[in-house]
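Got a structure here, written out as structure tokens. Questions coming.
The values are calculated or read from the model by the stated rules, or taken from the named source; none is laboratory data. If you're wondering where the values come from, they're calculated on a predicted model, not measured in any experiment. All Cβ positions, glycine included, derive from the backbone under ideal geometry; neighbour counts span all protein chains shown. Calculation scope for accessible area: heavy atoms of the full protein, side chains included, ligands and nucleic acids excluded. Shrake-Rupley method; radii C 1.70, N 1.55, O 1.52, S 1.80 Å.
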Amino acid sequence: MIAALPGFKALFSGSRPDNIGVKEGRLAACPSSPNCVVSQGEADAEHAIAPLTYDSDRSTAVAKLREVVEAQEGSVVIDQTDTYLYAEFTSKLMGFVDDVEFYFSPTEAGTIHVRSAARLGQSDLGVNRKRIEAIRAAFAA
């Protein structure tokens, strides 16, 4: 199988983008390609997604969200603070990497803004949206 060749997955992993993180209280906007969703900013219907919500204290919510993210297939948490969690998700077959960010807004109680974006390609066949909705469901459970 071609995916088993050494270095094959590295072809599709891409480089970590330089727009990761929270800048001036916001996650980055999505590019025009349909392989990204974000809950902040002026996102159009193709890119917009609702933020996650919680009713516990923030530190409990951060810990729970990390558990949920780590339970997802292909996830690796890269960075975490008291208001931010960043993970990379690698697809099993081809090794495509998506960057997924969560921002616990200090000005919007109980709100976790999200951004999930493919590093490469044009379409993700809805994978990023489905991932956030799966995380939302697991986080709410």
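What are the ³J(HN,Hα) couplings of segment 30-39, residue after residue, when phi is run through the Karplus curve with 6.51, -1.76, 1.60 and θ = phi - 60°? Round to Hz, x for glycine and proline.
Those phi angles translate into 7, x, 6, 5, x, 10, 8, 10, 8, 9 Hz.
Moving on to the next point. So if each residue of separation counts as 0.36 nm, and I subtract the Cα-Cα distance between Ala134 and Asp55, what length gain in nm does that give?
Stretched fully, the Ala134-Asp55 segment lengthens by 26.6 nm.
Now for a different question. Looking at the chain as a GNM with Cα springs under 10 Å, which of Thr111, Thr53, Thr81 has the largest mean-square fluctuation?
Thr81
Let me ask something else about it. Rounded, prolate or oblate for the chain? Axes are the square roots of the Cα gyration tensor eigenvalues, ordered a ≥ b ≥ c, and the cut-off for rounded is a/c under 1.5.
Here the chain falls in the prolate category.
Quantify, in whole percent, the carbon and sulfur part of the accessible surface of segment 42-128 (1.4 Å probe; protein heavy atoms only).
Reported share for carbon and sulfur atoms: 53 percent.
Kindly report the accessible area of the chain per residue (heavy atoms of protein chains, probe 1.4 Å, no ligands, DNA or RNA), in Å².
Using a 1.4 Å probe on heavy atoms only, each residue of the chain averages 54 Å².
Return a whole-number percent for the relative contact order of segment 21-141, with Cα pairs under 8 Å and 6 or more residues apart as the contact set.
Rounded, it is 29 percent for segment 21-141.
What are the ³J(HN,Hα) couplings of segment 60-73, residue after residue, when phi is run through the Karplus curve with 6.51, -1.76, 1.60 and θ = phi - 60°? Round to Hz, x for glycine and proline.
5, 5, 4, 4, 5, 4, 4, 4, 5, 4, 5, 7, 7, 4
Taking 0.36 nm per residue of separation and subtracting the Cα-Cα distance, what length does fully extending Lys92 through Val77 add?
3.7 nm is the gain from fully extending Lys92 to Val77.
So how much slack lies between Ser15 and Lys64, counting 0.36 nm per residue of separation and subtracting their Cα-Cα distance, in nm?
Length gained between Ser15 and Lys64: 14.8 nm.
Spin-label point model (7 Å from Cα, Cβ direction): what's the Thr107 to Ala29 distance in nm?
Modelled inter-label distance: 1.7 nm.
Of all GluC sites (Glu not before Pro) in segment 28-109, which ones are in loop regions per DSSP and have a Cβ with at most 11 other Cβ atoms within 10 Å?
In loop regions of segment 28-109 (DSSP not H, G, I, E or B), the sparsely surrounded GluC sites (Glu not before Pro) are Glu42, Glu73.
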